[in-house]
Amino acid sequence: MSLVSSSRGSAHPLTPAEFPDPDQDIGPEAGARQSAVLAGGCFWCVEAVYRQLDGVLDVVSGYAGDSAATADYQTVCSGTTNHAEVVRIDFDARKISFGTLLKVFFSVAHDPTQLNRQGNDVGRQYRSAVFYANEAQRVVAERYIARLDAAKVYPDKIVTTLEKLDAFHPAEAYHQDYAARHPTQPYIAAVAAPKVEKLRRYYADRLK
């Protein structure tokens, strides 16, 4: 992650709380414990956001999109793989839904209109993507992206890709819960902290 990376992207006219809800969702009947794998740039920042939410059981930073043999930080950062930095969010579907996680993803966690980058973090490893585990997740995400584009919540078109999850590869131990363990690190203070602050402001009723 670049220390000069900026969280500034395409401004949207709606506050996060005013974002439309998904018009389709996945309930707990599909299982009380569910998982979502999302890519939104630096996994430190995305992980920091989701750890705040009530109903989230665990968040693990990792890689998805390519082989286990190339799932290490140095190789992924080289830009020579198809991996993206991702987070796997394990959640209690009786308390929070896949659709709600997507709403936070698009309204707070990252800028989904930036192609293969977030701020000054550039490369396909920083792309915006939903790695769907099943057809239900794919449909919910596809419909929600279409709804957000139709509502013009961003001035630019959403470029988030929908990619089938073949495997999730946990990142190295030192990446896990990085923002909480290094709150004064310049990148965390400049990029992750404002996202967490935005979440706490607009989703206060969803916090742990």
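The values are calculated or read from the model by the stated rules, or taken from the named source; none is laboratory data. This structure is a prediction, so every number in the text was calculated from the model and none was measured. Cβ placement follows ideal geometry from the backbone for every residue including glycine, while neighbour counts extend to all protein chains displayed.
Just to check your reading of the model, which residue among Asp166, Asp156 is surrounded by fewer than 14 Cβ atoms within 10 Å (Cβ to Cβ) and either small (Gly, Ala, Ser) or in a loop (DSSP other than H, G, I, E, B) (or both)? Before you say what the answer is, go through the steps one by one.
Numbers: Asp156 fails: surrounded by fewer than 14 Cβ atoms within 10 Å (Cβ to Cβ).
Unique residue meeting the criteria: Asp166.
Out of Ala171, Ala151, Ala179, Ala192, one residue alone is of a type outside the set (Ser, Thr, Tyr) and in contact with a Lys or Arg (Cβ under 9 Å, 6 or more places away or on another chain). It is Ala179.
Here are Asn120, Asn134, Asn116: which of them is at pLDDT below 95 and surrounded by fewer than 21 Cβ atoms within 10 Å (Cβ to Cβ)?
Details: Asn134 fails: at pLDDT below 95; Asn116 fails: at pLDDT below 95.
Going through Asn120, Asn134, Asn116 in turn, the sole match is Asn120.
Here Ile158 meets each of (1) closer than 17 Å to Leu115 by Cα; (2) out of contact with any Pro (no Cβ under 8 Å at 6 or more places or on another chain) with one exception, condition (2).
For segment 169-202, enumerate the residues that are β-branched (Val, Ile, Thr) and either crowded, with 18+ Cβ neighbours inside 10 Å or in contact (Cβ under 8 Å) with a residue 60 or more places away in the chain (or both). So that I can check it myself, show each step before the final result.
As a first pass, look at segment 169-202 and keep what is β-branched (Val, Ile, Thr): 184, 188, 191, 196.
The answer is Ile188, Val191, Val196.
If a residue must be among the hydroxyl-bearing types (Ser, Thr, Tyr) and either buried (at least 24 other Cβ atoms within 10 Å of the Cβ) or not in a helix (DSSP H, G or I) (or both), how many such residues does segment 90-106 contain? First the steps, then the outcome.
In the first step, residues of segment 90-106 are kept if they are among the hydroxyl-bearing types (Ser, Thr, Tyr); the result is 97, 100.
Narrowing the set further to residues that are either buried (at least 24 other Cβ atoms within 10 Å of the Cβ) or not in a helix (DSSP H, G or I) (or both) leaves 97.
Residues meeting the conditions: 1.
Residues of segment 174-194 include none that is within 17 Å of the chain's Cα centre (by Cα), assigned to a strand (DSSP E or B) and of a type in the set (D, E, K, R).
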